[in-house]
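Student: Here it is, the structure, as structure tokens.
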Amino acid sequence: MFQINDNFGKIAGNYLFAEVARRVTSFQDKNPGRRVIKMGIGDVTEPLPAACIKAFHDGVTDMAARETFMGYGPYEGYAFLREAIARNDFQDRGADVSPDEIFVSDGAKCDTGSIQELFSHNLKIAIPDPVYPVYVDSNVMAGRTGAFRDGRYEGLTYLDCTPENGYVPAPPKEAVDAVYLCFPNNPTGATATRAQLEAWVKYALANKALILFDAAYEAFVRDPALPRSIYEIPGARECAIEFRSFSKTAGFTGVRCGFAVIPKCLKAADSSGKVTALHGLWMRRQATRFNGVSYPVQRAAAAVYSKDGKAQVKNLIDFYLENARLFREAILAAGIPCVGGDNSPYLWAHVGGDSWAFFDRLLSEAGIVCTPGSGFGRCGEGHVRFSAFNSRQNVLDAIALLKGVLKKG
Ligand code: PLP
């Protein structure tokens with residue numbers, strides 16, 4: 001019989017969302033007709049901006065005539081989209097990124113999961129705890145970790161994100177080869193200051209390490225003092241790859257489009273010491289495994305940068321940020337410390353105790369669903385995540401219900 005990849009056997013079942021769904025179903029079965037408000041979801045609720053819809057339709061119309069039909073596109077994405085990204089997301093904000101350093105993709109999940117195909121097998125990797133699980137699981141599948149014991153994989157360096165460090169870890173004392181960073185963070189909603197990112201870039205340059213910077217939520221940053229790209233930090237072009245997504249920026253979770261930035265000057269060595277640019281390796285990888293994002297989707301994504309698109313995207317993000325602000329106010333008013341919810345759609349509430357126990361209490365007493373923090377890592381215990389991706393009415397109703405429960409408690 002053919003053998004499977006044994007590393008799959010190491011993967012600790014991440015039953016977080018399945019377990020959340022199971023408990024919600026069980027609650028609904030026992031309480032028919034009782035309203036449940038889902039404040040745990042990481043998916044957007046609002047439709048695509050009108051400018052994106054129009055461009056999407058125009059792209060489909062192009063496909064309908066021989067003269068304008070588009071077949072396979074460039075592996076790295078159409079120039080019209082890469083040029084718009086480079087100019088608007090980076091150059092206009094003082095970050096030096098050129099269109100040919102951008103690789104358009106079907107989203108940040110694929111990119112953050114696949115990038116480790118460029119890594120050597122024995123790379124030492126640092127991972128924040130709590131964390132977006134893709135970074136960990138993709139490395140486990142590739143055999144870059146040992147067994148899962150006491151909630152952690154052997155062989156990974158964990159960076160504790162705690163109330164003490166404001167959920168933003170400092171570089172570790174020991175040297176690692178690669179580190180995953182995500183700001184604004186999922187699940188904590190924490191953001192990193194310029195000084196904190198400078199410390200990471202300094203560490204990476206000193207240790208010849210690679211920073212894998214996930215900026216899927218950068219559109220939520222409204223504080224002008226906060227960096228939105230790692231490339232706003234001098235030296236980052238020599239040590240960082242950045243991942244972006246249109247999912248949360250413009251409601252593309254079901255449309256699928258994102259991109260990775262790999263500066264041409266970002267270099268690494270092979271086992272013989274020969275130095276190679278990661279840009280060329282990723283281009284080769286994409287050419288082998290990926291046939292590009294569909295033309296209408298890239299047209300829709302490019303519309304994010306049109307005059308109308310920019311205004312509509314701003315309105316969309318303003319809407320979610322107002323949800324987050326309202327919920328954050330209610331959580332703080334209840335005396336629960338929290339981070340996020342200001343420059344992020346996520347709110348990380350330090351409820352104390354067992355996060356599943358808090359989940360159960362909130363569900364049974366208020367009909368509100370949150371996400372237990374322990375599902376994102378050991379340091380998530382004692383916390384729950386609330387998401388601002390919801391209708392305004394649901395958020396207002398959840399706030400009213402929450403007040404009743406927390407007053408009792
Ligand atoms: N990175 C982070 C931190 C996320 O939270 C998510 C989605 O929830 C993604 C990446 C995935 O984004 P995409 O929809 O572009 O694959």
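Coordinate-derived values only; no laboratory data. Source: prediction; values computed, not measured. Reconstructed Cβ throughout: ideal geometry from the backbone, glycine too, with neighbour counts over all protein chains shown.
Student: Please give the length that would be gained between Ile11 and Ala357 if that part of the chain were fully extended, namely 0.36 nm times their separation in residues minus their C-alpha to C-alpha distance (nm, one decimal).
Tutor: Extra length available between Ile11 and Ala357 comes to 122.1 nm.
Student: With the crude spin-label approximation of a point 7 Å out along Cα→Cβ, what separation in nm comes out for Asp160 versus Val60?
Tutor: 5.3 nm
Student: Let me know the charge dipole size of the chain about its Cα centre in debye, to the nearest 20, where only the beta-carbon of Lys, Arg (+1) and Asp, Glu (-1) is charged.
Tutor: Here the chain has a charge dipole of around 440 debye.
Student: Another question, then. What would the Debye equation give as log₁₀ I(q)/I(0) for the range 52-306 at q = 0.13 Å⁻¹, counting only Cα atoms as equal point scatterers?
Tutor: One equal scatterer on each Cα of the range 52-306 leads to -0.82.
Student: If you don't mind, another one. How large, in Å, is the range 1-53 by the Kirkwood hydrodynamic radius built from its alpha-carbon pairs?
Tutor: 15.4 Å
Student: Now, a different point. Could you list Leu401, Leu363 so that the one with the fewest beta carbons within 10 Å of its beta carbon is first and the one with the most is last?
Tutor: Going from least to most buried by this count: Leu401, Leu363.
Student: While we're on this one: Take each complete run of DSSP H in the chain, measure how far its Cα atoms stretch along the helix's own axis, and keep only those covering 27 Å or more with mean Kyte-Doolittle hydropathy at least -0.5; list them.
Tutor: The qualifying helices are 307-333.
Student: Let me ask you something else. Using 7 Å Cα-to-Cβ label points, what is the Arg22/Ala142 separation (nm, one decimal)?
Tutor: If labels sit at Arg22 and Ala142, their model points lie 3.1 nm apart.
Student: On to the next question. Can you sort Glu242, Glu174, Glu76 from fewest to most other Cβ atoms within 10 Å of each residue's own Cβ?
Tutor: Fewest-to-most ranking of Glu242, Glu174, Glu76: Glu174, Glu76, Glu242.
Student: Go through Gly143, Gly273, Pro32 and say which Cα lies farthest out towards the positive end of the charge dipole of the chain; charges sit on Cβ, +1 for Lys and Arg, -1 for Asp and Glu.
Tutor: Pro32
Student: Here's a follow-up. If each residue of separation counts as 0.36 nm, what is the full-extension length gain between Ile4 and Thr253 once their alpha-carbon separation is subtracted?
Tutor: Extending this stretch completely gives an extra 86.5 nm.
Student: How about the range 1-110: which chymotrypsin sites (Phe, Trp or Tyr not before Pro) there are in a DSSP loop, with at most 10 other Cβ atoms within 10 Å of their Cβ?
Tutor: Counting only loop positions with at most 10 other Cβ atoms within 10 Å, the chymotrypsin sites (Phe, Trp or Tyr not before Pro) in the range 1-110 are Phe2, Phe69, Tyr72.
Student: Using the 10 angstrom Cβ neighbour count as an exposure proxy, how do Thr253, Thr25 rank, fewest first?
Tutor: The most exposed by this proxy come first: Thr25, Thr253.
Student: Note down the relative contact order for the chain as a percent, whole number, built from C-alpha pairs under 8 angstrom at least six residues apart.
Tutor: 23 percent.
Student: Among Gly404, Leu156, Gly341, which residue has its Cα positioned farthest towards the positive end of the charge dipole of the chain, with +1 placed on the Cβ of Lys and Arg, -1 on the Cβ of Asp and Glu, and the dipole taken about the Cα centre?
Tutor: Going by the charge dipole, the pick is Gly404.
Student: How many angstrom lie between the Cα centre of the range 131-200 and the Cα centre of the range 221-275?
Tutor: So the separation of the two Cα centres works out to 16 Å.
Student: Would you list which lysines come within 20 Å of Lys10, measuring only between C-alpha atoms, while excluding same-chain residues fewer than 8 positions from it?
Tutor: Leaving aside lysines fewer than 8 places away in the same chain, those within reach of Lys10 are Lys124.
Student: Counting other C-beta atoms within 10 Å, and keeping those with at most 14, which DSSP coil chymotrypsin sites (Phe, Trp or Tyr not before Pro) do you find in the range 280-378?
Tutor: The qualifying sites: there are none.
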